[in-house]
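Only the coordinates and a few stated rules stand behind these numbers; no lab work does. No experiment lies behind these values; they were computed from the predicted model shown. Because the Cβ atoms are built from the backbone with ideal geometry, glycine has one as well, and the counts that use them run over all protein chains shown.
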Amino acid sequence: MNGEVNHTMSKCFFARLTGREEVPPVRTDAFGSAQFIFNKDFTRVCFKLVVNDIKKLTAAHIHLGMRGEMGRLLPFYLDQ
């Protein structure tokens, strides 16, 4: 999303990333945010992930679910 947003993308979501948002909640100093912009039929997504106070990042993944529940893990594909 480096300043360029494809105008065919139309649905935007924002997520706060804290230990309290985990299921179950955990104690951590780490925090961050994620922004997702989908096209109209939800077949493509652009995203921006920002994390802070993580000493060694090993992975990132996305769960699809309602607030407070552990949603299913989504496949993660990068189109470069």
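When the range 29-60 is examined, which residues are found to be touching a residue at least 12 places away in the same chain (Cβ under 8 Å) and farther than 26 Å from THR8 by Cβ? Correct list: ASP29, ALA30, PHE31, GLY32, VAL51, ASN52, ASP53, ILE54.
Each residue in the range 24-56 was checked for being surrounded by 10 or more Cβ atoms within 10 Å (Cβ to Cβ) and either of a type outside the set (Val, Ile, Thr) or within 14 Å of the chain's Cα centre (by Cα) (or both), and 22 pass.
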